[in-house]
Structures are given as structure tokens and as C-alpha cells.
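Peer 1: Encoded as C-alpha cells, here's the structure I'll be asking about.
Bear in mind that the values in this text are calculations on the coordinates, not laboratory data. Since this is a predicted model, take the numbers as computed values, not measurements. Positions of Cβ are backbone-derived with ideal geometry, glycine not excepted, and every protein chain shown enters the neighbour counts.
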Amino acid sequence: MKCPHCSVAIRFEEEDSLTWPEHENDVIALGYQLAYGHCPNCENLIVLLQNGLVETKGNAFFMSELRSEELLYPRSGARPLPPEVCEPERSDFAEAVAVLPVSTKASAALSRRLLQHVLRERFKIKPSSLDKEIEDFLKLPGVPSHVMEAVDGVRNIGNFAAHPIKNTNTGEIVDVEPGEAEWLLEVLEALFDFTFTQPVRLQQRKDELNKKLATLGKPPMKG
């Protein structure tokens, strides 16, 4: 996950937790876990509310299967975008980030819809199901392997086979897999870097080099 305070990718390690089932008389039941820990980078507090299967062992409860989690503190994570990212992508991404602490389902739905928008509008991929659009994206020349792997992972992490509506109606609010909403945001950040940031910064570097070449009386770079 990315730290909601400093935006650095971290491995969250809980320092303590409180676990309880919905029905205390069941050996295995749906339940909740309140877990907290500190970011290893900035050392700020992170509090998560987790949902899943809770088992009873003696007088103690423990979560045996995590199904979803929500960020309780801080209420809104910091995920600033580079200035090169344009509208409407910038506003749509900010909305998906803002709603994440309240509803991972809603955040994931906004992110899936935004991903589909980027594939269609920025890469001119023919509208279809999200799965087919991702396949077409993976065939494009010049896409870095880490971006291809990230976008391709959306289908696996989102478990399209179990939730086909994510593929056919991307903006629908449906159940999400653990970590799916956060992963979608990270995928969008990688895609934005490739789509918006890198071309602008590469052009800036070319312009600076051409100015130096001009002062030396040499021809500018081609392309």
C-alpha cells in the first residue's frame, strides 16, 4: 500500500489490533478487526478497519481471512499528481482518492471508469469491454513493461471472472477484492506518468538541448 501521509509505497505492519465477530457464539463468523501501525518512512499513524472471517480460539478472536479493509485514519490520503496531468483525468482521480476512506467499492468503480476513459481517449482504443480494451492496450508499441504489467493486473486483482460486471459496466459499484481499490489508483498513477508526464519532460529536455546546440552553431535534434 501507499502511505496515506507521505505517499511512499510501504508494507503495512500492524502493531496491535482488536478483533470481534458479528456473532460470538460461532466458531467461524464474519467479523471486524481494528488494526493500527506506523508508516516505516514518515512514522505517522495508520488505522485500518478490516472485514473478513473471524475465528474463535479459547477466549480470543483472530481474523483468518481478510476480505476488505478501509482506511480510518487519516481520513484522506495524500496522492498529489504531477502538474502535467490534464483534465478531466486530474479531477476524476482526485474524486477516486477522496472517496477511498469512505467506500473502497465506490473508489474502485470511479478508478475503473477512469482507466477505461484513458484507454479510449488517450490511446484511441476502440470501445469494448474493459478486458478487451486492456488486451488492445497491451498490443500497443512503445509501452513500458512495468506499465503493461500494472494495467494487465487490473483484470486479475479485480477477479473479472467472479465479477463480470466490472468488465462490462466499469462504473458499477460492486464488491471489491482486498487491495483492489488501492491497486487501481497505483495503476492510474503509472499510466498518467507514461501518458502525460514523461512526454512533456522529454520534450523539455530536448528543447534545452536544442538551445545548447544552437549556441554552438549545430543543427537541432531530429524527432
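Peer 1: What trypsin sites (Lys or Arg not before Pro) does segment 19-108 have in DSSP loop regions with at most 14 other beta carbons within 10 Å?
Peer 2: R75
Peer 1: Right, something else. Using a ≥ b ≥ c from the Cα gyration tensor of the chain (square roots of the eigenvalues), is it rounded, prolate or oblate, where a/c under 1.5 gives rounded and otherwise the larger of a/b and b/c decides, a/b for prolate?
Peer 2: In terms of gyration-tensor shape, prolate.
Peer 1: Count the lysine pairs in the chain whose Cα atoms sit under 30 Å apart, keeping only pairs 8 or more residues apart in sequence or on different chains.
Peer 2: Step by step, the pairs that qualify in the chain add up to 24.
Peer 1: Further, regarding this structure: Over every pair of different alpha-carbon atoms in segment 82-210, take the mean of 1/r and invert it; report that Kirkwood radius in Å.
Peer 2: Value: 15.1 Å, from the Cα pair sum.
Peer 1: What area, in nm² and to one decimal, does the C-alpha convex hull of segment 1-78 cast on average over all directions?
Peer 2: Projected over every direction and averaged, the Cα hull of segment 1-78 covers 5.0 nm².
Peer 1: How much net charge surrounds Q198 when only other residues with a Cβ under 12 Å from its Cβ are counted (Lys, Arg +1; Asp, Glu -1)?
Peer 2: Values: positive: R201, R205; negative: E84, D193.
Charge balance in the 12 Å sphere: 0.
Peer 1: Still on this model: For L140 and K218, compute 0.36 nm times the residue count separating them, minus their Cα-Cα distance, and round to one decimal in nm.
Peer 2: Working: separation 78, 0.36 × 78 = 28.08 nm, distance 3.48 nm.
The span from L140 to K218 would gain 24.6 nm if fully extended.
Peer 1: Using 0.36 nm per residue of separation minus the Cα-Cα distance, give me the extension gain between Q198 and L53 in nm, one decimal.
Peer 2: Full extension of this stretch gives 47.8 nm more.
Peer 1: Moving to a separate point now. Roughly speaking, what % of Cα-Cα pairs in segment 96-156 are separated by over 16 Å, rounded to a whole number?
Peer 2: Cα-Cα pairs of segment 96-156 separated by over 16 Å account for 47 percent.
Peer 1: For N167, what charge total do you get from the other residues with a beta carbon under 13 Å from its beta carbon, if Lys and Arg give +1 and Asp and Glu give -1?
Peer 2: Values: positive: R112, R113, K132, R155, K166; negative: D131, E133, E135, E172.
Taking every other residue near N167 into account, the sum is +1.
Peer 1: On to the next question. Estimate the FRET efficiency between V102 and D207 by the formula 1/(1 + (r/R0)^6), using the beta-carbon distance for r and 35 Å for R0, to the nearest 0.05.
Peer 2: With a Förster radius of 35 Å, E is 0.20.
Peer 1: Please compute the modelled spin-label separation between R75 and R120, points set 7 Å along Cα→Cβ, answer in nm with one decimal.
Peer 2: With each label placed 7 Å out from Cα toward Cβ, I get 3.4 nm.
Peer 1: Continuing with this model, one more query. Using +1 at the C-beta of Lys and Arg and -1 at the C-beta of Asp and Glu, which of S145, L30, A214 has the Cα lying farthest in the positive direction of the dipole of the chain?
Peer 2: Highest projection toward the positive end goes to A214.
Peer 1: How large is the dipole of the chain about the Cα centre if only Lys and Arg carry +1 and Asp and Glu carry -1, each at its Cβ, rounded to the nearest 20 debye?
Peer 2: 1660
Peer 1: Cα centroids of segment 54-109 and segment 132-177: how far apart, whole angstrom?
Peer 2: 19
Peer 1: What FRET efficiency comes out for F62 versus N169 if R0 is 41 angstrom and r is the Cβ-Cβ distance? Round to the nearest 0.05.
Peer 2: 0.65
Peer 1: Once the Cα atoms of segment 47-155 are picked out, what are the Rg and Dmax in Å?
Peer 2: Values for segment 47-155 (Cα only, Rg and Dmax): 18.0, 59 Å.
Peer 1: Residue separation times 0.36 nm, minus the C-alpha to C-alpha distance between I28 and E15: what's the value?
Peer 2: 2.3 nm
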